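S.K.: I have a structure here, written as structure tokens, and I will follow up with some questions on it.
The values are calculated or read from the model by the stated rules, or taken from the named source; none is laboratory data. What you see is a predicted model, and the numbers here were worked out from it, not measured in a lab. Cβ sites come from the backbone with ideal geometry, for glycine too, and all protein chains shown count toward neighbours.
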Amino acid sequence: MTNTLALPPVDGAVLAEILDALSPRLRKRLDTVAQKAAEWPLAQVGDDAVAAKVDDETTVTVHIRDGAVRAATDVHCNCLLAPACLHRAALIGLAPPLDADADAAAGTETDDGAKATAAPATPATAATPESQTASVSSPPAPPSALTEPERAAAQALWDAGSALLVGGMIGASLFNEAQLRRAAHQARALGLYRAAALGTRVATGLRAARERRSDYALPQLVTDLRDLLLLARELPRAADSADAAVLADLRGTGRRSYEHQGGLRLYGLFSEPVIARSGHAGVVTYLVDETGTLWTTADVMPGGADRVRSAYNTSVGVGGTVLSHRELTRGGLIVSGASASADGRLSGGSASRAVKMGGATWAEQPTAALFEIPLEKQVERAFNVGDRGPDDGVRAGADLVFARLRVVGPTEHGFAAVTLSGESVSCVPALAGYGLPYRENLEALARPELSVRVIARIDQHRPATLRVLAASPDEDQADIQTGIQTGIQTGIMALPPEWAGRINLGLDSLTPANIRQAEPASQDAEAAASPAITPLHLLRNRVEQTVAGGRVVAAAAADRDVARLRRSALHTAGDLLTELTTTAVPKRDAFGRTLPNDDYLMAWLAAAHYESVASRQFLLRRWLRS
């Protein structure tokens with residue numbers, strides 16, 4: 001057991017203030033001492049403090065107020081160098097960061113008196129929960145121009161993010177993380193919620209990398225850093241353009257408002273596990289009403305992957321119903337006095353009332369209508385959503401695709417299939433690892449000629465690839481419905497009757513008995529799942545390598561990659577890679593000191609942004625080529 005598990009969460013501004021007290025010489029030793037601090041034994045001191053024993057003479061005491069460390073003065077060390085000592089800085093650097101949004105949600109009530117809970121990050125961005133507090137009345141309108149403190153906060157986020165591009169992950173330290181958290185804390189306090197969320201995501205990625213956690217992913221960190229720098233640069237420009245609507249969108253929202261929806265008749269669609277990098281986990285269940293509008297209800301709380309299973313079997317808490325997420329995904333609710341946020345999240349308040357009703361198969365209305373929308377239109381909608389989430393005004397389910405497929409055969413990570421229009425697609429797990437049964441279930445479904453309906457998200461980094469969330473047999477729907485009612489099922493798939501003809505691939509587990517047919521794989525399966533890609537990955541690789549290794553890596557020769565990009569008629573990509581390489585060479589003054597180099601920062605940002613947009617357009621064209 002490590003100290004991180006026992007220490008209370010610490011506010012980002014507090015961590016930065018403690019680290020500011022260190023001299024430059026001590027800051028260089030901080031990460032080394034922090035590794036030793038993980039072994040310092042902790043002891044409870046009264047009801048509101050813990051103490052770490054450094055040695056026989058030195059003790060660091062951490063005082064807790066309202067469940068967290070709220071001020072730098074709450075951390076004391078009895079050594080001679082305190083408060084400018086490494087002991088308190090190293091220990092508090094191991095403490096988990098305080099989730100400011102969840103902290104603000106504590107004690108806040110929804111429109112009908114129920115406590116608000118932190119909502120999950122959308123699985124597509126695998127992001128930290130942001131702006132989750134429910135509120136009856138809308139918050140005051142933000143000013144139509146950036147104030148000087150807001151401009152300073154945006155600049156602080158730019159400076160903290162830019163530091164990563166100079167030294168890279170290899171040179172990043174606890175001090176870099178603290179600077180990001182302080183800047184994010186200040187931005188949130190001033191109402192720059194989107195910027196604060198992105199700053200927190202980058203800081204979380206830094207910590208995951210430093211601790212070598214399994215949830216660390218360099219591509220995700222690169223995406224978060226790119227979005228942070230773009231937003232920090234765009235905020236002052238939007239303010240100067242006097243476009244109040246654009247500026248309000250860039251600010252983001254800090255509170256989720258719930259509005260009364262009246263009566264709703266809801267049918268369960270599917271449930272998916274949520275494991276956020278913020279340390280939250282649980283389940284979110286999607287429902288559809290009679291008009292085809294999607295709604296969600298979630299049980300996401302602080303915890304790890306082991307929370308997912310218990311949340312799946314926990315009551316959904318809508319209208320006082322005792323239905324669990326497992327039951328609701330296959331059943332339905334009639335809700336009176338329903339309240340929901342603009343993104344479709346149902347309130348769990350006591351003012352609404354709900355009664356159980358029967359569900360509907362995916363071949364019955366209103367769910368069947370979702371599968372009748374042309375796949376091309378669904379794909380365009382999903383690509384337009386991109387990496388945006390609920391806090392960017394995206395409606396629940398806008399990133400989902402409802403498709404009918406015929407399986408060709410197994411692939412390395414799932415199975416290959418063709419759509420009704422003959423388009424070849426690759427189906428892969430929506431989330432890897434964490435002990436979730438995604439991959440095993442896809443392997444079980446990889447039976448040639450098996451017809452399935454799937455609910456999935458577009459993989460926006462691989463051509464013609466679906467990240468599948470749930471599935472249902474699509475052979476003879478009349479037989480399937482009869483089988484559900486009688487407990488006798490026919491066809492290739494034989495699901496338990498209580499599953500109501502569908503499987504939540506990250507939560508339920510298929511067995512060999514559920515698949516009646518086991519034909520050998522088609523020889524065309526791997527070919528169908530491996531469409532051609534463009535050399536844009538060469539630019540993406542250098543963008544990622546720059547974040548990992550810093551300016552030294554960016555300055556390395558890239559003539560061969562530039563030549564290949566130009567041979568593929570990707571001249572802009574070649575120009576951007578050349579610009580990144582040449583501007584990364586340090587500029588020095590007469591005394592040999594490195595000078596600030598905004599050209600290098602802008603070259604990286606231009607390359608990262610271009611690669612993201614160009615790759616997305618290429619993938620979209622690959623989907624729509626028919």
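S.K.: Considering segment 513-552 alone, what residues qualify as being buried (at least 16 other Cβ atoms within 10 Å of the Cβ), more than 31 Å from the chain's Cα centre (by Cα) and at pLDDT below 55?
M.R.: ALA521, SER522
S.K.: Related question: Do we find that THR296 is out of contact with any His (no Cβ under 6 Å at 6 or more places or on another chain), of a type in the set (Ser, Thr, Tyr) and in a loop (DSSP other than H, G, I, E, B) in this structure? Reasoning before the result, please.
M.R.: On the way: out of contact with any His (no Cβ under 6 Å at 6 or more places or on another chain): yes; of a type in the set (Ser, Thr, Tyr): yes; in a loop (DSSP other than H, G, I, E, B): no.
For THR296, the condition - out of contact with any His (no Cβ under 6 Å at 6 or more places or on another chain), of a type in the set (Ser, Thr, Tyr) and in a loop (DSSP other than H, G, I, E, B) - is not met.
S.K.: Moving on. Any chance segment 181-189 includes a residue that's closer than 22 Å to VAL246 by Cβ, in contact with a Lys or Arg (Cβ under 6 Å, 6 or more places away or on another chain) and either of a type in the set (Phe, Trp, Tyr) or modelled with pLDDT of 90 or more (or both)?
M.R.: no
S.K.: For ALA363, only one of the following conditions fails: (1) assigned to a strand (DSSP E or B); (2) in contact with a helix residue (DSSP H, G or I) (Cβ under 8 Å, 6 or more places away or on another chain); (3) among the aliphatic types (A, V, I, L, M). What is its number?
M.R.: Exception for ALA363: condition (1).
S.K.: Another question, then. Would you point out which residue out of VAL335, VAL308, VAL300, VAL246 is under 30 Å from LEU157 (Cβ atoms), crowded, with 21+ Cβ neighbours inside 10 Å and not acidic (Asp, Glu)?
M.R.: Working: VAL335 fails: under 30 Å from LEU157 (Cβ atoms); VAL308 fails: under 30 Å from LEU157 (Cβ atoms); VAL246 fails: crowded, with 21+ Cβ neighbours inside 10 Å.
Answer to the selection: VAL300.
S.K.: Can we say ALA238 is modelled with pLDDT under 85 and either touching a Cys at 6+ places or on another chain (Cβ under 6 Å) or not assigned by TED's automatic domain parsing to the domain that holds ARG29 (or both)?
M.R.: Considered against the rule, which asks whether it is modelled with pLDDT under 85 and either touching a Cys at 6+ places or on another chain (Cβ under 6 Å) or not assigned by TED's automatic domain parsing to the domain that holds ARG29 (or both), ALA238 comes out as yes.
S.K.: Same structure, new question: Please enumerate the residues belonging to segment 308-344 that are in contact with a His (Cβ under 8 Å, 6 or more places away or on another chain) and either without any contact (Cβ under 8 Å) to a residue 12 or more places away in the chain or in a loop (DSSP other than H, G, I, E, B) (or both).
M.R.: ASN313, THR314, VAL316
S.K.: Could you please tell me which pairs satisfy a Cβ distance under 9 Å, a separation of 6+ or placement on different chains, a first residue in segment 30-56 that is part of a loop (DSSP other than H, G, I, E, B), and a second residue that is among the hydroxyl-bearing types (Ser, Thr, Tyr)?
M.R.: Hits for this filter: ALA38/THR2; ALA38/THR4; GLU39/THR2; VAL45/THR61.
S.K.: Continuing with the same structure: Restricting to segment 443-472, name every residue that is touching a Ser or Thr at 6+ places or on another chain (Cβ under 9 Å) and part of a helix (DSSP H, G or I).
M.R.: Correct list: ALA444 only.
S.K.: Further, regarding this structure: Only one of ARG453, ARG395, ARG406, ARG457 is modelled with pLDDT of 90 or more and either surrounded by fewer than 17 Cβ atoms within 10 Å (Cβ to Cβ) or among the acidic types (Asp, Glu) (or both); which?
M.R.: Answer to the check: ARG406.
For (1) β-branched (Val, Ile, Thr); (2) assigned to a helix (DSSP H, G or I), each residue gets a yes or a no:
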position	(1), (2)
ALA195	no, yes
GLY199	no, yes
VAL202	yes, yes
LEU206	no, yes
ARG213	no, no
GLN220	no, yes
ASP224	no, yes
ALA232	no, yes
LEU235	no, yes
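S.K.: Residues of segment 57-69 being in a loop (DSSP other than H, G, I, E, B) and in contact with a strand residue (DSSP E or B) (Cβ under 9 Å, 6 or more places away or on another chain), which ones? Write out each step before concluding.
M.R.: Initially, segment 57-69 is screened for residues in a loop (DSSP other than H, G, I, E, B), giving 57-58, 64, 66-67.
If the condition is that a residue be in a loop (DSSP other than H, G, I, E, B) and in contact with a strand residue (DSSP E or B) (Cβ under 9 Å, 6 or more places away or on another chain), then THR58, ILE64 are the ones that fit.
S.K.: I'd like the full set of residues that are of a type in the set (Asp, Glu) and modelled with pLDDT under 90, limited to segment 40-55.
M.R.: If the condition is that a residue be of a type in the set (Asp, Glu) and modelled with pLDDT under 90, then ASP47, ASP48 are the ones that fit.
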